[in-house]
Amino acid sequence: MKSGKKGKKPLSASRVIAVAFLGIILIGTLLLMLPLSSRDGVSAGLETSLFTATSATCVTGLILKDTWTQWSGFGQCVILCLIEIGGLGFMSVASLFIFAFRRRVNMGVQWMIAGSIGADDVNGVVGVQKRILSWGLLVQGGGALILTCRFWPVYGLGKAWKLGIFHAVSAFCNAGFDILGFESPGASVSLYGTDFITVMALSFLIVAGGVGFLVWDELAALKKGGRLSVSAKLVLATSGMLLVFGSLMFYLTEWNNPGTLGNMNFGEKLLAGFFQSVTTRTAGFAGMDQGALSEGGKAISIFLMLIGGSSGSTAGGLKTVTMLVLFLFLWAKIRGRDNISILHRTISEKQVLDAVTLFGVMIVLAFAGGTLIAVTSPFSFTDGLYEAVSALATVGLTTGITPSLALPAKILMMLYMYFGRVGILTISLGFLQNDRAKNEFRYAETNLLIG
């Protein structure tokens, strides 16, 4: 007779997360549809409210109407709450209530928490979750304080603290929503794209949220004699290389482009190019006009958006280590090797197949989305692909075409945002739990001509 259910991994964990996010989106939609949520006191309607709630919950940042111009203070608070829930993760926010009421965290909940933060098992996951929540709130609070001090001389304390809190939360959660529309509707943070304090504060918050919760937990443990795991080392190294690579490529493609970096001085170009490299990694703040990017600049942006941040973070995309595994796999195959290793560790065949699966899904969806936008709306395939990847990787950057998309394209963008935040998470959780149907039989093998 088999033993009891102790330690059994829940088969419905992915479904619970998917349904929970859908419920949050629907609640957010209903709240945003209230006349109280709109600045003019007239309901924004279903389309705008649903699109905004989806974008906020999935921490994307694509919008149909400017956040400051359209939404009242109440509406902006609703959006901020959706961003926080979506960024920290449904299970992270739900665990706040579990800890507050001292409820027991059963094995099913522990596995869902593990999946949401990128942990590979449930050992000590409750303690890790508590540290993550404390650290996340502390970083956001520090960022809000810095931004408030920066905006204070310009707008006064009454408006500065609201701007500081909103943009700190939006940056840390990699959401890309802004409320600077009173200066220039739809311009995002481009007015501060060359301001050193604002750019560096936002960049730190974006990177902090996008590196991954477990990485920061390991870094904090170094003071107590802990050691970084191979995964954490790869995340930090890959993230750093991508930031440098992205900056250099934007300098190369945009240095003399009058629509982006061309009219800036040397220092401003360095800062703006660096911020573009940071924000394309799923943050979504536009430090420059994305529509004015050169074709090369758009291509680099699409590449960086597809990669995104790291597993178990507030960011979307394929994730840094996933892309690294793909490159290592290709490099090994080119050299005729079957073994894939790095830092004296071998990467299992299962993890390589997981990475290839995610990559294949993302690429197919991206090109399908770009094609649909080009077919249904009066925009080029390049701009359509840019928009589709931005939604799928939950980035939020746009060349300015979002409000003008045809209804089928808008619906697709909402589905992509949902999949980019929830679908990738649930697929990853499926990899983590390894709840896969086992084949009862196998057909005889055949040899195919490859290449």
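The values are calculated or read from the model by the stated rules, or taken from the named source; none is laboratory data. Treat the numbers as computed from the prediction; the structure is a model and nothing was measured. Neighbour counts are summed over all protein chains in view; Cβ atoms, including those assigned to glycine, are modelled from backbone coordinates with ideal geometry. Quick note on the areas: whole protein, heavy atoms, side chains included, nothing else; ligands and nucleic acids left out. Shrake-Rupley method; radii C 1.70, N 1.55, O 1.52, S 1.80 Å.
Please list GLU84, GLU295, GLU47 in order of solvent-accessible area, largest first, computed with a 1.4 Å probe with all protein chains present.
Values: GLU84 40, GLU295 115, GLU47 85 Å².
I get GLU295, GLU47, GLU84, largest accessible area first.
Note on LEU222 and VAL352: the model spin-label points, each 7 Å out from Cα along the C-beta direction, lie 3.1 nm apart.
Using a 1.4 angstrom probe, figure out how much accessible area region 302-407 has per residue, in square angstrom, rounded to the nearest whole. Kindly include the intermediate steps, with their values, before the conclusion.
On the way: 4560 Å² over 106 residues.
Per residue, region 302-407 has an accessible area of 43 Å².
Ordered from largest to smallest accessible area (heavy atoms of protein chains, 1.4 Å probe), the residues GLU218, GLU254 come out as GLU218, GLU254. If R0 equals 41 Å, the separation of the Cβ atoms of LEU138 and SER404 corresponds to a calculated FRET efficiency of about 0.50. For ILE342, the amide hydrogen comes within under 5 Å of the amide hydrogens of ILE347, counting only partners 5 or more places away or on other chains and with H modelled in the peptide plane. For the residue pairs LYS130/LYS223; LYS298/LYS319; LYS130/LYS233; LYS65/LYS298; LYS65/LYS410, the C-alpha atoms sit more than 21 angstrom apart in LYS130/LYS233; LYS65/LYS298.
Each residue of region 146-160 is assigned a 3J(HN,Hα), and the resulting list reads 5, 5, 4, 5, 6, 7, 4, x, 8, 10, x, 4, x, 8, 4 Hz, derived from the Karplus form 6.51 cos²θ - 1.76 cosθ + 1.60 (θ = phi - 60°), x at Gly and Pro. With a/c under 1.5 counting as rounded, go ahead and sort region 336-378 into rounded, prolate or oblate using the C-alpha gyration tensor (a ≥ b ≥ c being the square roots of the eigenvalues; past the cut-off, prolate if a/b is larger than b/c, else oblate). Prolate shape, in that a/c is at least 1.5 and a/b is the bigger ratio. Apolar share of the accessible surface for region 181-223: 67 percent from carbon plus sulfur atoms, 1.4 Å probe. Of the whole protein surface, PHE381 contributes about 80 Å² of accessible area at a 1.4 Å probe radius. A 1.4 Å probe run over the protein chains yields, for region 142-291, 41 Å² of accessible area per residue, whole-number rounding.
Share of carbon and sulfur in the accessible area of region 261-367 stands at 63%, probe radius 1.4 Å.
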